[in-house]
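Colleague: Structure below; questions to follow.
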Amino acid sequence: MLLPRTCMVALTILCCVTLFGAEDGATPVDRMNLLSGFHAELLYSVPSDEQGSWVAMTIDPEGRFIVSDQHGKLYRVTVPPIGESGETQVEPIDLQIGMAHGLLWAFDSLYIMVNGKNDDDPADDRFRTGLYRATDTDGDGNLDEVTLLKPMVGGGEHGPHAIILSPDGKSLVITAGNHTDIVDFAESRVPRHWDEDILLDRMWDARGHARGKLAPGGWIAQVSPDGQQWELLSNGFRNEFDIAYNSDGELFTYDADMEWDFGTPWYRPTRVNHVTSGSEFGWRSGTGKWPEYYPDSLGSVVDIGPGSPTGIVFGTGAKFPAKYQKALFIADWSYGTIYAVHMHPDGSSYRGTAEQFITAQPLPVTDLLVNPNDGALYVTIGGRKTQSGLYRVTYTGEESTETVPPGDEAGRDMRSTRYMLEQLHGKVHPAIVDAAFPYLSNEDRQIRFAARVAIEQQPVDTWANRVLTAEDTNSRIQGAIALARSGRPEHHDAVVALLNLIDWENLSLARQLDLVRAYGLVQLRLGEGSEESRQAMVHKIDSKFPSGNAALDRELAKLLIALNAPGIAGRTLQALAGARTQEDQIHYALVLKDLETGWTIDERKAYFNWFREAAAHRGGMSFGGFLQNIRDEAVATLTKDEQKQLEEILNAAPPPPVNPLAELETREVVKKWTVDDLLPIAEKNLSQRNFEHGREMFTKAVCFRCHRVRGEGGMFGPDLTGAGGRFNNRNLLESMIEPSKVVSDQYQKMTFLMDDGRVIEGRVINMGGNKMDVLTDMFDPSKLASVERDHVEESRPSTISLMPEGLLYRFTEDEILDLLAFLKSGGNPDHPVFAGVPKSE
């Protein structure tokens, strides 16, 4: 509903411009939107037929760039100095190597991460996937020898990627996507007993993507300069293309989403992760992705949303204002955006906010690099055989660019505690349990995690009894998780008894979620246990569902179904019927498919009728297939008698697609509201509003389909959790009533006039060679139009918002005020706008 204003200086003139067709070459800089004070130069437009499409770069000791074509050779690039005229010089490097997703000059060598074939088949002319080292053996200044240091299995866009230097300059750090097999790690900071840890049956992607790919998913490793010693640092990613260290030596990455999952409860947005020692980030294939709050994983620094992460780099060494020297720059290939992520310490980790730094359509950014010689940010675009180019970004504004000292004093003590615990990872010693155990009770998530990782790597019999006699809540939950992951079936009942000692009513929401996950891990890892133990778990949590919190209710329903709690079918159906978002509805439909007993025939009818109601739901390319597969698997659990009684429902023709706005359009038009109508009313009456009613209006106005509030809702529009802190009443009303008045370039459509007379309007979300995929309907992420570059006569940024006009015309004054209050609160029922109004239980 709300498209944020931006401080971006639009260098693009919103008139009819030719982006494709007659004009070739990389995107001109006058089509880019940059932050005020920054300047971009197009240094080189790559001739695609001769030099391919560049996806990785590094800098050599002479200050020259080395770049790689995704499907071809390496090139050496010399650019003119800042402020001087001259042409960029490009020459091929005479080595039989290329197809690199990662390049690094270090230890007098060029390291090359090749993403090619997985064997030595001579019929395949691609290079073998793996880590290579190129050296100059005769000292003539030219690389002349290439050595394969480590062959790897997992080519393609989810294979091995970036190589960077560790902060101490003594080793390499490399990253690999979720289609890369793990190598033979000599050491591991991650406990090696990873597993899927999915409580109910997982469904693979409906279109077959990543079918059969299991934990640990994408991973990050530290490697010795000779390529012989490999240590696993972190895992559980989907497809983290690049990694970067901040000035404190903390490691970060920008992980990918699965865009085909849009609209489902298991969709996870692209996000920046703080990569700590031994960390796990919970990617699992299909419906198995862990939510970010699971205590056996770690969450994000900031969620970005839909996109395609590529290169990242910190601004360290850039001649930029202080804020941007400390920023993490991240590239989104699909949506043509470079973000500056500004972080602040949060306990022993960080929280961040993302600011658009550069945007354009198209701008398929592949890599970012800060040149220490001139302090500029260098940017490559290309990939998938799209038009490639090399740019330089400098700061020409009035703020100081004096070098910012490294380090951040805020949070240093807590980070020091985490560092101490991380030094214990990968080691076995009798003193480690005593050193780490007290920190299981720490209030900091990262510190608790680091302590548990250290303990899990010790022999379980040296610490199991200490867990079972723990007295504080955090130690009991974290210890139970450790014992579930490391223990034996005979520990099952004792761990359940330990968890049952915890007083549910005195737990925060976060600790309630931790406790439910701990129970689930006990069932997953230690077997079913005794019937008495099962009944004790049911007795402990059965009355807690429903709780009224969407995340907690998802987890409670899943656990109670796994435990076959009495009457759980009916109660979960009630939760499904009352769910405000399609994601919550789909979650309940998914978990109910695994419940084979305990149904009445009326409950079965209500369940299968829901699939007809779901015709109005929309999602990514796998969305419809997932819904069909959920239904098919549920049908497979029916007895013959149930199938006969449900024959009419099961054999009914599928309903036609439903307009997502159909329910809204059944409401009568109240008034064609204007901002001037509502603003004086809002200024006087935006107090003692009704939270539940405002949330209900957010649902009825179909806002949840595109926008997320506190983790609930869609991802195609901006997250509105913090909207009330950024915008006043006029801003909010204008964004709802006049959505096209100010359209952020991040969510701006493009209008394409085709040579056959067609007009295609939407957001460019994918590219490949000569073609672009354009999203034409924000309510249906699977509705894409294919646009061929050679058939575009003209294109221009659209001035019309993706958000429909007139959504508020069918709401009363009170309904709009409650909706506005809900937005002001960011979904927080304790916000002052609701003061004095009794809350629903």
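The values are calculated or read from the model by the stated rules, or taken from the named source; none is laboratory data. Keep in mind that what you see is a predicted model, and the values were worked out from it rather than measured. For neighbour counting, all protein chains shown are included, and Cβ atoms are generated from backbone atoms with ideal geometry for every residue, glycine included. Just so you know, the surface numbers come from the protein's heavy atoms only, side chains and all, with ligands and any DNA or RNA stripped out. Shrake-Rupley method; radii C 1.70, N 1.55, O 1.52, S 1.80 Å.
Colleague: Search the stretch 297-320 for residues being over 12 Å from the mean Cα position of the chain (by Cα) and surrounded by fewer than 21 Cβ atoms within 10 Å (Cβ to Cβ), and hand back the single one that is farthest from Glu250 (Cα to Cα).
Modeller: Just the residues of the stretch 297-320 that are over 12 Å from the mean Cα position of the chain (by Cα), to begin with: 297-298, 310-320.
Still in the list and also surrounded by fewer than 21 Cβ atoms within 10 Å (Cβ to Cβ): 297, 316-317, 319.
On the way: Ser297: 18, Thr316: 13, Gly317: 16, Lys319: 21 Å.
Taking the candidates together, the pick is Lys319.
Colleague: Could I ask something else about it? Suppose the filter is closer than 19 Å to Thr276 by Cβ and either buried (at least 19 other Cβ atoms within 10 Å of the Cβ) or in contact (Cβ under 8 Å) with a residue 12 or more places away in the chain (or both); does Val433 pass it? Steps first, answer last, please.
Modeller: Numbers: closer than 19 Å to Thr276 by Cβ: no; either buried (at least 19 other Cβ atoms within 10 Å of the Cβ) or in contact (Cβ under 8 Å) with a residue 12 or more places away in the chain (or both): yes.
No.
Colleague: Check Arg618, Arg604 and return the single one that is farther than 18 Å from Leu650 by Cα and in contact (Cβ under 8 Å) with a residue 24 or more places away in the chain. Write out each step before concluding.
Modeller: On the way: Arg604 fails: farther than 18 Å from Leu650 by Cα.
Step by step, each of Arg618, Arg604 is checked, and only Arg618 is farther than 18 Å from Leu650 by Cα and in contact (Cβ under 8 Å) with a residue 24 or more places away in the chain.
Colleague: Kindly check whether there is at least one residue in the stretch 75-97 that is over 19 Å from Arg133 (Cβ atoms), open to solvent by less than 20 Å² (accessible area, probe 1.4 Å) and of a type in the set (Gly, Ala, Ser).
Modeller: No, the conditions are met nowhere in the stretch 75-97.
Colleague: Among (1) modelled with pLDDT of 80 or more; (2) crowded, with 22+ Cβ neighbours inside 10 Å; (3) not in a helix (DSSP H, G or I); (4) not charged (D, E, K, R), where does Leu802 come up short?
Modeller: (1) is the only condition that Leu802 fails.
Colleague: Here is a follow-up. Picking from Leu521, Leu509, which residue would you name as being more than 18 Å from Asn549 (Cβ to Cβ) and either of a type in the set (A, V, I, L, M) or without any contact (Cβ under 8 Å) to a residue 24 or more places away in the chain (or both)?
Modeller: On the way: Leu509 fails: more than 18 Å from Asn549 (Cβ to Cβ).
Selected residue: Leu521, the only one of Leu521, Leu509 that is more than 18 Å from Asn549 (Cβ to Cβ) and either of a type in the set (A, V, I, L, M) or without any contact (Cβ under 8 Å) to a residue 24 or more places away in the chain (or both).
Colleague: Oh, and also: If the requirement is being more than 30 Å from the chain's Cα centre (by Cα) and surrounded by fewer than 22 Cβ atoms within 10 Å (Cβ to Cβ), which of these qualifies: Glu398, Glu409? Please lay out each step first, then the result.
Modeller: Values: Glu409 fails: more than 30 Å from the chain's Cα centre (by Cα).
From the options Glu398, Glu409, the qualifying one is Glu398.
Colleague: Turning to a different aspect of this structure: Can you pull out the residues in the stretch 613-635 that are open to solvent by 80 Å² or more (accessible area, probe 1.4 Å) and not polar (S, T, N, Q)? Give the steps one after another, and end with the answer.
Modeller: Taking the stretch 613-635 and keeping what is open to solvent by 80 Å² or more (accessible area, probe 1.4 Å), we get 613, 628.
If the condition is that a residue be open to solvent by 80 Å² or more (accessible area, probe 1.4 Å) and not polar (S, T, N, Q), then Glu613 is the only one that fits.
Colleague: Can you list the strands (runs of 3 or more DSSP E) lying wholly within the stretch 93-173 that have 3 or more residues being under 21 Å from Asp255 (Cα atoms)?
Modeller: Working: elements: 100-106, 109-114, 130-135, 145-151, 160-165.
Because the criterion is at least 3 residues that are under 21 Å from Asp255 (Cα atoms), the strands (runs of 3 or more DSSP E) in the stretch 93-173 that meet it are 100-106, 160-165.
Colleague: With (1) assigned to a loop (DSSP other than H, G, I, E, B); (2) surrounded by fewer than 21 Cβ atoms within 10 Å (Cβ to Cβ); (3) more than 28 Å from the chain's Cα centre (by Cα) as the list, and Arg689 as the residue in question, which single condition is left unmet?
Modeller: (2)
Colleague: Go through the stretch 735-769 residue by residue and tally those that are touching a helix residue (DSSP H, G or I) at 6+ places or on another chain (Cβ under 9 Å), of a type outside the set (A, V, I, L, M), within 23 Å of Ile358 (Cα to Cα) and open to solvent by 30 Å² or more (accessible area, probe 1.4 Å).
Modeller: Count: 3.
Colleague: Also, quick follow-up: What residue, among those in the stretch 536-590 that are basic (Lys, Arg) and within 19 Å of Phe262 (Cβ to Cβ), is modelled with the highest pLDDT? It would help to see each step written out before you state the result.
Modeller: Taking the stretch 536-590 first, the residues basic (Lys, Arg) are 540, 544, 554, 558, 571, 580.
Restricting the remaining residues to those that are within 19 Å of Phe262 (Cβ to Cβ) gives 554, 580.
Numbers: Arg554: 98, Arg580: 86.
Checked the stretch 536-590; the qualifying residue modelled with the highest pLDDT is Arg554.
Colleague: Something else: If you take just the strands (runs of 3 or more DSSP E) that sit entirely in the stretch 345-413, which of them hold at least 1 residues that are touching a residue at least 12 places away in the same chain (Cβ under 8 Å) and in contact with a Pro (Cβ under 9 Å, 6 or more places away or on another chain)?
Modeller: Working: elements: 349-359, 365-370, 377-381, 389-395.
Passing ranges, in order: 349-359, 377-381, 389-395.
Colleague: Looking for something touching a helix residue (DSSP H, G or I) at 6+ places or on another chain (Cβ under 7 Å) and buried (at least 23 other Cβ atoms within 10 Å of the Cβ) - is there at least one such residue anywhere in the stretch 366-381?
Modeller: We begin by selecting, within the stretch 366-381, every residue touching a helix residue (DSSP H, G or I) at 6+ places or on another chain (Cβ under 7 Å); these are none.
So far as the stretch 366-381 goes, no, none of its residues is touching a helix residue (DSSP H, G or I) at 6+ places or on another chain (Cβ under 7 Å) and buried (at least 23 other Cβ atoms within 10 Å of the Cβ).
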